[in-house]
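Have a look at the structure below, then the notes.
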Amino acid sequence: SDLGSPDSDGVYRVLDDYPDSFRLGPARNLCPNQKFLQHPRLSYCSATLVGNSHVITAAHCVWNQMLCDDAAFVFNYYVTGYDDNGNPTFPAITRNEVFFCKSVSTNYREDSSGYSSGTDIAYITLDRAVPGRTPATYHKTLVRTTPRQ
């Protein structure tokens, strides 16, 4: 993962001095008025906690063990505001909020030409249980919803 290692206090400092070349604007050649111009390119996919030590995500994000070995799942990662230069600020990311991919289960595959097959969902086992978080509710039958719910 791009997080690096935590310092002696258990805090990942990757966002303290994030280089401009790794921000969305310069990296993607965005126009100066784009909303997320100064945001770091640290994350690339989201996931949903579905068990004490399991998440689901799109399989095109993590479809094999090599990608799993490089994946970190960070809770409490969000923008808290902006500094005087327009750079987003974040809460401290500590080792208590960082979980690593232990294994991945999916039938999704991509070949060298970019062709994909299988269902684009991956079931990830994390390196440990996630304390203090409630997994999403799973319904085995259809649940009726209403418009704009």
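The values are calculated or read from the model by the stated rules, or taken from the named source; none is laboratory data. Model, not experiment: these values are computed from the prediction. The area values use the complete protein model at the heavy-atom level, side chains included, leaving out ligands, DNA and RNA. Shrake-Rupley method; radii C 1.70, N 1.55, O 1.52, S 1.80 Å.
Give me the mean projected area, in nm² to one decimal, of the convex hull enclosing the Cα positions of the range 42-85. Each step should come with its number before you reach the end.
Working: hull surface 17.3 nm².
Over all viewing directions, the range 42-85 projects a mean Cα-hull area of 4.3 nm².
Give me the percent of the accessible area of the range 35-149 that comes from carbon and sulfur atoms, probe 1.4 Å, all protein chains in place.
Details: 3950 of 7880 Å².
Reported share for carbon and sulfur atoms: 50 percent.
How large is the convex hull of the C-alpha atoms of the range 26-149 per residue, in Å³? Walk me through the intermediate numbers first.
Numbers: hull volume 23.6 nm³, N = 124.
Given the Cα convex hull of the range 26-149, per-residue volume reads 190 Å³.
Top mean-square fluctuation among Pro135, Pro19, Pro88, Gaussian network model of the chain, C-alpha springs under 10 Å?
Pro19
Could you provide, to the nearest whole Å², the per residue accessible area of the chain with probe 1.4 Å? Spell out each step's value before the answer.
On the way: 10290 Å² over 149 residues.
That works out to 69 Å² per residue.
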